[in-house]
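The values are calculated or read from the model by the stated rules, or taken from the named source; none is laboratory data. These figures come from a predicted structure and were not determined experimentally. Backbone-built Cβ (ideal geometry, glycine too); neighbour counts: all protein chains shown.
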């Protein structure tokens, strides 16, 4: 059996993992539109959600997006802090809507994507925690 060989630069690994998480989030949302009654529930929500709530959703969705360049460009110390904090926040962003019974039953496809996304973000946190102190110039 072959072992997986990760790149030597942790920034590349973390950035790539955030791209993977984002792709899963996007496809989970796309497949979610196939749920019967989804479009109708969106129409109803569009009349009840305030601009502030929509902005909050936008900020929460921006977190994994901004982590792609942050993982590439900030120092190890800040990378670890951002990856811990934003992985935790993003896991909540994935899990909480699935538990909200007011939104109806959660499709099994969403559960699948949520498991993949949360597992990936837990791996991100573990990987960031294990990132050894190295010469920052050597990783550039």
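Out of all the residues in the stretch 22-45, which are in contact with a helix residue (DSSP H, G or I) (Cβ under 9 Å, 6 or more places away or on another chain) and exposed (fewer than 11 other Cβ atoms within 10 Å of the Cβ)? The answer is 33, 34. Taken together, the residues in the stretch 23-67 that are at pLDDT 95 or above and farther than 17 Å from residue 97 by Cβ amount to 4. Only one of the listed residues (83, 79) is surrounded by 11 or more Cβ atoms within 10 Å (Cβ to Cβ), at pLDDT 90 or above, within 18 Å of the chain's Cα centre (by Cα) and farther than 24 Å from residue 113 by Cα. That residue is 79.
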